[in-house]
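For reference, the structure discussed in these notes is given below.
The values are calculated or read from the model by the stated rules, or taken from the named source; none is laboratory data. As the structure is a prediction and not an experimental result, all values here were calculated from the model. Neighbour counts run over all protein chains shown; Cβ positions are idealised from the backbone, glycine included.
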Amino acid sequence: MRSKIVAGNWKMNKNLEQTEALLAELAGKLPDTDAEVMVAPTYVNLAAAVRALGNSTIEVIAQNMHFAESGAYTGEISADMLLNIGIHTAIIGHSERRAYFGETDEILAKKVKAALGKNIRVMFCFGEELEQRKSGDHFNLVESQLRNALFSLNASDWSNIVLAYEPVWAIGTGETASPEQAQEMHAFIRKTITEAYDAEIAANVSILYGGSVKSGNAAEIFSKPDVDGGLIGGASLVADDFVAIIKAI
Ligand code: PEP
């Protein structure tokens, strides 16, 4: 059975003190839930976040990682460095990495392989831009993003993959995909994985929706059968909002 997941992507927000304060508030207010709850603070605060959370069930995850083992990659962080500080999941392929840092499907495929090779769980993000949605090309685009970065993996790798469908036009814009649009795409993703692998892998992979999920719209989006939770940006920076979203699952 696939897990329900609510993950907060804090992006380039929150200094050390703010990170510790938000984690303390979240840990204190965390509702009883079957869902996995994750937060992705900025790199410089990952180790402190792991320490601050202690035995909490909240998992600290990374926003990115490099594909190389080690070496001359100024500014980058390796899988081993993450493991060394107790991080076992990394977001890969976020649309901001693709748009602002030139991360192509080819680079992302290498990152995914490197992470899985180290037993780091991958939260793989993908989704169409507004023009592709308007021209009706969004299904083709999503299929090609999945094919290029993931479909050369072995079937057994899929137990360490979480998918996050994030239509770019809905990220940080306040405009969210309707629950029906999210369900339609998530069902398409499962169909595509069934064709590339098999129905069992498709049924077992968690597919999160991301894009302007808030406390007010989370329950309706999460109620859709193929939506297994959310990747939350802005609303994960305020404890009460993030907690309300966790309660909605
Ligand atoms: C994101 O960046 O992954 C995201 C979903 O952001 P927001 O919730 O702010 O749209």
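So here's what we get for this one:
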item	result
Residues that are in a loop (DSSP other than H, G, I, E, B), surrounded by fewer than 21 Cβ atoms within 10 Å (Cβ to Cβ) and at pLDDT 95 or above, drawn from region 36-55	Thr42
Output for region 187-225, where each listed residue is within 16 Å of the ligand (Cβ to nearest atom), part of a helix (DSSP H, G or I) and surrounded by fewer than 21 Cβ atoms within 10 Å (Cβ to Cβ)	Ala219, Glu220
Matching residues, region 226-236, being in a helix (DSSP H, G or I) and in contact with a helix residue (DSSP H, G or I) (Cβ under 7 Å, 6 or more places away or on another chain)	Ala235, Ser236
Subset of region 99-121 (residues that are free of Cβ contacts under 8 Å to residues at least 40 places away in the same chain and either assigned to a loop (DSSP other than H, G, I, E, B) or within 16 Å of the ligand (Cβ to nearest atom) (or both))	Tyr100, Phe101, Gly102, Glu103, Thr104, Lys118
Pair list, Cβ under 9 Å, 6 or more apart: region 64-82 residue farther than 22 Å from Val39 by Cα, other residue outside any loop (DSSP other than H, G, I, E, B) and among the acidic types (Asp, Glu)	Glu69/Asp80; Ser70/Asp80
Filter pass, Leu153 being within 27 Å of Ile107 (Cβ to Cβ), surrounded by 18 or more Cβ atoms within 10 Å (Cβ to Cβ), within 16 Å of the ligand (Cβ to nearest atom) and not charged (D, E, K, R)	no
Any hit, region 156-174, residues being loosely packed, with under 14 Cβ neighbours inside 10 Å, of a type outside the set (Val, Ile, Thr) and free of Cβ contacts under 8 Å to residues at least 12 places away in the same chain	yes
Pick from region 1-29, criterion aliphatic (A, V, I, L, M) and either within 16 Å of the ligand (Cβ to nearest atom) or buried (at least 17 other Cβ atoms within 10 Å of the Cβ) (or both), ranking: nearest to Glu59 (Cα to Cα)	Ala7
Selection within region 159-186 - within 17 Å of the chain's Cα centre (by Cα), of a type in the set (Gly, Ala, Ser) and within 11 Å of the ligand (Cβ to nearest atom)	Ala164, Ala170, Gly172, Ala177
Subset of region 99-124 that is surrounded by 14 or more Cβ atoms within 10 Å (Cβ to Cβ) and of a type in the set (Gly, Ala, Ser) - its residue that is nearest to the chain's Cα centre (by Cα)	Ala115
Candidate set from region 78-98 (those that are assigned to a loop (DSSP other than H, G, I, E, B) and crowded, with 18+ Cβ neighbours inside 10 Å); member that is farthest from the ligand (Cβ to nearest atom)	Ser78
